[in-house]
Amino acid sequence: MADAGTEDRRRAYLKALEIDVYALRGQHTDAPEAEAELDAQDPDNLPAPDWTTLQARVSACTQCILHKTRTQTVFGVGSRAADWMIVGEAPGAEEDRRGEPFVGRAGKLLDEMLRALGLSRERVYIANILKCRPPNNRDPANDEADSCRHFLDRQIELVAPKIIVAVGRIAAQRLLQTDAPLGRLRQQKHYLADGQVPVVVTYHPAYLLRSPTQKRKAWQDLCFAAAMMKEGNE
Ligand code: URA
């Protein structure tokens, strides 16, 4: 049975998280039903969010400073039952305006890269490390990436892709929690920390627009990913 001090702390915690606290409004009570209600609302006991709840939480997120400068959040797009998931860095200006990842020039190139693999935006799921645009497209700060991470982790859990392609150094390093340079991460099979989902790494399409001679290497990476998928399906 929780004492009054524990109860007050729990109430403050739930309120700070903007969790519905209707069951807490009355007097402290010893009734088992009320206790069960409280337990169900303890953030540690909350069920993992479904798509609707997750999207609503992202839209309402004020966990980092980027919420002050965003036009809107950029959640993710594509098939929620995709075998392939593409993870980029953060929305740019066009994505911030339209609320969809990879819709600018880099996005067009990403579409072409997918098409070359026989895929499309509709058949994969595309998301970013950050759901809000960093001003002037600066790199994500550590606290921004850290506080946004649980959203991406839940997207990955819900989609349950067979493979994740991390595009660009920042996405790769954040996803794999490493400082290794992109050149060393390419052409290898990595796994997320849970050891379940394979990850491959390639160049960011924005980089490929600036350095088109590297497109050949990006194609090698995509073929590497496709071979892994084939292997996994056999
Ligand atoms: N670059 C990214 O990494 N993500 C986007 O959504 C757009 C550009």
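Quick look at the values:
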read-out: Residues (acidic (D, E) and modelled with pLDDT under 95) located in region 44-58; value: D44
read-out: Of all residues making up region 158-195, the number that are within 16 Å of the ligand (Cβ to nearest atom) and of a type in the set (K, R); value: 2
read-out: Lone qualifier among R154, R174, R184, R149 - being of a type in the set (D, E, K, R), loosely packed, with under 13 Cβ neighbours inside 10 Å and in a helix (DSSP H, G or I); value: R184
read-out: All positions within region 81-94 that are out of contact with any strand residue (DSSP E or B) (no Cβ under 8 Å at 6 or more places or on another chain) and within 8 Å of the ligand (Cβ to nearest atom); value: G92, E94
read-out: Filter pass, G232 being touching a Pro at 6+ places or on another chain (Cβ under 9 Å) and either within 15 Å of the ligand (Cβ to nearest atom) or part of a helix (DSSP H, G or I) (or both); value: yes
read-out: Checking L209 against (1) within 16 Å of the ligand (Cβ to nearest atom); (2) among the aliphatic types (A, V, I, L, M); (3) closer than 16 Å to V165 by Cβ; (4) part of a helix (DSSP H, G or I), the condition it does not meet; value: (3)
read-out: Residues satisfying the stated conditions in region 96-146, i.e. open to solvent by less than 10 Å² (accessible area, probe 1.4 Å), assigned to a helix (DSSP H, G or I) and away from the ligand (no atom under 11 Å from the Cβ); value: L114, E144, A145
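The values are calculated or read from the model by the stated rules, or taken from the named source; none is laboratory data. None of the values given here were measured: they were computed from a predicted structure. As a convention, Cβ positions derive from the backbone with ideal geometry for all residues, glycine included, and neighbour counts pool all protein chains shown. These accessible areas exclude ligands, DNA and RNA; they are computed on the full protein's heavy atoms, side chains included. Shrake-Rupley method; radii C 1.70, N 1.55, O 1.52, S 1.80 Å.
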